[in-house]
Amino acid sequence: MTSADNLQAFRRDGRIVIVGASLAGLRAAETLREEGFTGSLTMIGDELGEPYDRPPLSKQVLTGWVPADGTTLPRRRHIDAEWLLGVPASGLDLAGNQVRLADGREIPFDRVLISTGVRARPWFVESEAALDGVFVLRTREHAEGLQRAVAAGPSRVLVIGAGFTGSEIASICRERGIAVTVAELAPAPLVGALGAMVGEVAADMQRAHGVDLRCGVKVTRLEGDAQGHFRRAHFDDGSTVDADVAVVALGGIRNTEWLRDSGLAAGVWGIACDTGCRALTLDGLITDDIFAAGDVARCPNPVYEYRLISLEHWANAVEQAEVAAHNMVSGQADRWPHLTLPVFWSIQFGVNIKSVGVPTFADEVAVTQGSVADRRFVAAYGYRGRVTAAVSFNNAKWLDHYRGLIETAAPFPPPNPTPDQPVDMKPVPVDFPGPQLLAQGATVVVTGHDPGERRVTAAQQQHR
C-alpha cells in the first residue's frame, strides 16, 4: 500500500485517543470529525461531566450571573466518541501504543492527543489548605464553593497572588462591597505577565478601589480556629490579617507527571512540540503519532526566535487543537503549522485589559497611545528594537494594528501618528521578575559516547 492508501485507511478505521476532555480536547475531537475521520475516538478525562469553559469561573460564575453548571461548552457537532470520564491517565506506553488509566485499564491507540492542561497550585501546607474557607480556583466545583462563600458576605477575603485570576477575584469582591486584602510576593500585581510599568498601573487601580494591596510580602501561615475554619493569615514581615475566606491564586501546575516514564520531553514547562503540535522525545526526535495542544503544549514560535512557549490562553487552546487534529489525519505535505499570535483578555475593576503577542518576550515597554492616568491606553513591548507585544487598557480597538506590527517585525518604539499619541513615548525597561524555573538547573542529561548510543535521560533534581 502507498502512504496515501495508509492514510486513507487510518482516516477510515484508525484509533485516536484524546487525553484531556476540556476545551482543547473537545475542539480537537470536533475538528477530527469535520476533517472526515470516521475511526474510533476515545475521550479520557479526570473530571466527571462534559467539557466546560474555564474563563467564566473567575468572572461570571463568581458574580452569580452564570451558575457553575451553566459553563458547559457548546457542541459544534456530534463527535461519536467513547467517553471515559472520572479516571485520570497514569501512563503512556509509546512502544505498545497504549494509554494507561489509574484504574488499571489500558486503552490502545494509533495516534493520541494530549490536552491535559493545568491544575491549580495548592497551598503548600496540606493541613492549612484543608481549612474550611481556603479555596483555589480551577474547576467548576472550586468556583461553586467560592461563589457560595463570597455570597455569604464574609468580613474579609484574602487573595494570595495578584496575577490575573487573583486580581479578578479581588475585583469581584470589591464590586460586592467585601473587604479584600491581596498579598503578592512581587513588587506589583500582574508584574509577572506584563512587567513593572503596567504592574504599577494595576496597583494604583486596585488601591483606588479600596483593595488592601500588600506587595513584596509572603504569606507564611494560614491559621484556623478550633472548628477548622480559616481565620487569620501570617506574613513574613510579622503582620497578620483576619479574614473568613482565603483564595490561593498562585498559578497552575501543568499536568505532565503521568508522562514521566514515557520518553517524551515533558516536564514542569509542558510538553515540547514542533509547530505542527507533534510531541518531541527526550532525545529531541519528533514523534509522528503523539500530539499535544492547549495549556500543556510547548511549541516554538518563529516570531519569538523559535523559542518553546506554553500559553494558558483560551484562543491558543482552540487554535492548537484545530491544528493538531488536522495534522493527525493529514499527510506530511498537507500539515499546518501553529503560528498564530496569542491573545488574552481580563476584566477587573471596571477596566478591560487585552493583549496580543507575548509581553514576557521583551526588554522595553512604552505607552504609545492614550493616557495612563485615565486608565485608557496602549503599551507596546519591544525586544532588541522590534515590536513583540501590546497591551491595552480600555482601548482594545487598536490591537489588530499592533498585531500587524508584531507579525512584520516593525521597529520599536513604533511610529503611531494617532490623535491620542502621548507627548512622551520614551521606552523604559520592562522589568519582569527573574524566571525562577530557569534557576532549577538541567532537567535532562546526555548519556553514552558512540553516536548510536547517545541518548537523553531525565535528570534527577537535587533538593537542598
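When only DSSP loop residues count, what trypsin sites (Lys or Arg not before Pro) in the range 248-319 have their Cβ near at most 13 other Cβ atoms within 10 Å?
Arg260
What do you get for Rg/Rh over the range 232-337 if you use C-alpha atoms and the Kirkwood form of Rh?
Reported Rg/Rh, Kirkwood definition of Rh: 1.18.
Taking all protein chains as present, what is the carbon and sulfur share of the accessible area of the chain, in % to the nearest whole number, probe 1.4 Å?
51 percent
Points 7 angstrom from Cα along the Cβ direction at His78 and Val423: gap in nanometres?
Here the modelled spin labels are 6.7 nm apart.
When Lys and Arg each count +1 and Asp and Glu each count -1, what net charge do the other residues less than 15 Å away from Gly370, Cβ to Cβ, add up to?
Local net charge: +1.
Compute log10 of I(q)/I(0) for the range 353-425 with the Debye formula, placing one identical point scatterer on every Cα and leaving out solvent, at q = 0.19 Å⁻¹, to two decimals.
Each listed q corresponds, in turn, to -0.65.
Please compute, for the alpha-carbon atoms of the range 142-291, the extent along each of the three principal axes and give them in descending order in Å.
Computed over the range 142-291, the largest-to-smallest principal extents equal 55, 41, 30 Å.
Relative contact order, percent, of the range 67-132 when contacts are C-alpha pairs under 8 Å separated by at least 6 residues?
15 percent
Can you pick out the pairs among Lys218/Lys426; Lys397/Lys426; Lys59/Lys397 whose Cα atoms lie more than 31 Å from each other?
Where the Cα-Cα span goes over 31 Å, the pairs concerned are Lys218/Lys426.
Going 7 Å from the Cα of Arg221 along its beta-carbon direction, which residues of the range 108-145 have the amide nitrogen within less than 17 Å of the resulting point?
Flagged as within label range: 124-131.
Rounded to the nearest 500, what is the chain's calculated 222 nm mean residue ellipticity when only DSSP H runs of at least 4 contribute -39500 (n - 2.57) each, over all residues?
-6000 deg cm²/dmol
Suppose a student asked you for the relative contact order of the chain, using Cα pairs under 8 Å spaced at least 6 residues apart; what percent would you report?
13 percent
Run the paramagnetic zone check for Val125: 7 angstrom along Cα to Cβ, then residues of the range 235-258 with backbone nitrogen under 19 Å.
235-250
At a threshold of 8 angstrom on Cα-Cα distance, excluding pairs fewer than six apart, so keeping six or more, what relative contact order does the range 197-285 reach in percent?
13 percent
Positive end of the dipole of the range 1-124, charges at C-beta (+1 Lys, Arg; -1 Asp, Glu), about the Cα centre: which of Gly91, Trp65, Val19 has its Cα farthest in that direction?
Comparing the listed Cα positions along the dipole, Trp65 ranks first.
Whole number in Å², please: accessible area per residue of the range 155-312, 1.4 Å probe, ligands, DNA and RNA not counted.
37 Å²
Suppose every K and R has +1 on its Cβ and every D and E has -1 on its Cβ; what is the size of the dipole of the range 30-172 about the Cα centre, in Debye to the nearest 20?
In total the dipole reaches around 440 debye.
At a Förster distance of 41 Å, what's the computed FRET efficiency of Asp69 paired with Trp345, Cβ-Cβ distance as r, to 0.05?
Once the sixth-power term is evaluated, E becomes 0.95.
The values are calculated or read from the model by the stated rules, or taken from the named source; none is laboratory data. The shown structure was predicted, so the numbers you read here are calculated from the model rather than taken from an experiment. Here Cβ is always computed from backbone atoms with ideal geometry, including for glycine, and neighbour counts include all displayed protein chains. Protein only, heavy atoms only, side chains kept; ligands, DNA and RNA dropped before computing areas. Shrake-Rupley method; radii C 1.70, N 1.55, O 1.52, S 1.80 Å.
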